[in-house]
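To start, the structure under review is shown below, and the notes come after it.
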Amino acid sequence: NLLFLWIFGDNVEARLGSVPFLLFYLVCGAAATGLYALLAGPSLVPLVGASGAISGVLGAYLLWFPHNRVKLFVGLWPIWLDIILVPAWVVLGSYLVLDNVLPLLLGAGGNVAYGAHVGGFLAGLAVAGALGRSRAAGLEGGEREISLGRSALKAGDLAGAYQHLIRAAQDPSPVVRERALRELAKIPDPRLQAWIASLHQV
């Protein structure tokens with residue numbers, strides 16, 4: 001659990017802020033407990049652990065940063081070992097479906113609260129989706145793309161920031177285009193910096 005929180009939690013916290021992240025975490029934990037109780041029915045077995053809340057963090061990460069690359073160790077230890085980069089949506093989608101939804105549908109036991117994991121994950125998706133829409137509400141065109149690009153840049157999602165800001169840089173308004181270029185200049189890519197410099201020389 002802590003490994004997943006360490007890998008994926010920082011970007012989600014950076015996008016939300018520390019205090020809102022804590023509230024988000026608690027909401028996902030409550031939703032996870034609720035779905036588990038609904039599926040399990042009356043039970044004297046205690047529900048212990050943070051995996052439901054952490055699954056909510058994973059759900060938010062999947063929605064906000066699906067194309068971020070995650071390092072995976074593959075191979076046959078100790079003969080062969082390698083590191084590959086896999087899109088986050090593949091890793092987190094596999095976690096949701098293979099590690100939780102299928103065992104839940106098949107009635108697997110093993111003292112694992114699969115229902116809590118699924119409930120937390122779905123809550124994270126729902127809350128992240130609602131927050132994403134509310135933050136972009138009232139903004140249109142390039143202004144909206146700049147807002148989304150800034151959020152992605154703050155969270156370390158350089159690929160996502162680039163996509164949003166490039167679209168904003170094509171806005172009809174010269175003011176919006178200039179703001180988009182200023183945000184693009186914050187992305188540490190020498191080729192991108194050279195392109196922006198060439199635009200200002202024209």
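The values are calculated or read from the model by the stated rules, or taken from the named source; none is laboratory data. Only a predicted model underlies this, so the values are computations on that prediction, with no experimental measurement involved. Every residue, glycine among them, receives a Cβ derived from its backbone with ideal geometry; neighbour counts consider all protein chains shown.
General observations
- The listed residues are Gly75, Gly107, and the only one of them that is farther than 18 Å from Ala126 by Cβ and touching a Leu at 6+ places or on another chain (Cβ under 7 Å) turns out to be Gly75.
- Some residue of the stretch 15-34 being in a helix (DSSP H, G or I), closer than 16 Å to Leu122 by Cα, polar (S, T, N, Q) and out of contact with any Leu (no Cβ under 8 Å at 6 or more places or on another chain): no
- So Asn11, is it polar (S, T, N, Q), assigned by TED's automatic domain parsing to the domain that holds Ala123 and out of contact with any helix residue (DSSP H, G or I) (no Cβ under 6 Å at 6 or more places or on another chain): yes
- Per-region count, the stretch 46-82, residues more than 19 Å from Val97 (Cα to Cα) and in a strand (DSSP E or B): 9
- Residue within the stretch 112-134 that is at pLDDT 75 or above, aliphatic (A, V, I, L, M), assigned to a helix (DSSP H, G or I) and not assigned by TED's automatic domain parsing to the domain that holds Ala37 present: no
- Residues satisfying the stated conditions in the stretch 164-176, i.e. surrounded by fewer than 20 Cβ atoms within 10 Å (Cβ to Cβ), in a helix (DSSP H, G or I) and either at pLDDT below 85 or in contact with a Leu (Cβ under 7 Å, 6 or more places away or on another chain) (or both): Pro174, Val175, Val176
- Options Val70, Val19: the member that is assigned by TED's automatic domain parsing to the domain that holds Asn111, of a type in the set (A, V, I, L, M), within 30 Å of His164 (Cβ to Cβ) and in contact with a helix residue (DSSP H, G or I) (Cβ under 7 Å, 6 or more places away or on another chain): Val70
- Any hit, the stretch 181-192, residues being surrounded by 13 or more Cβ atoms within 10 Å (Cβ to Cβ), within 30 Å of Ala30 (Cβ to Cβ) and at pLDDT 80 or above: no
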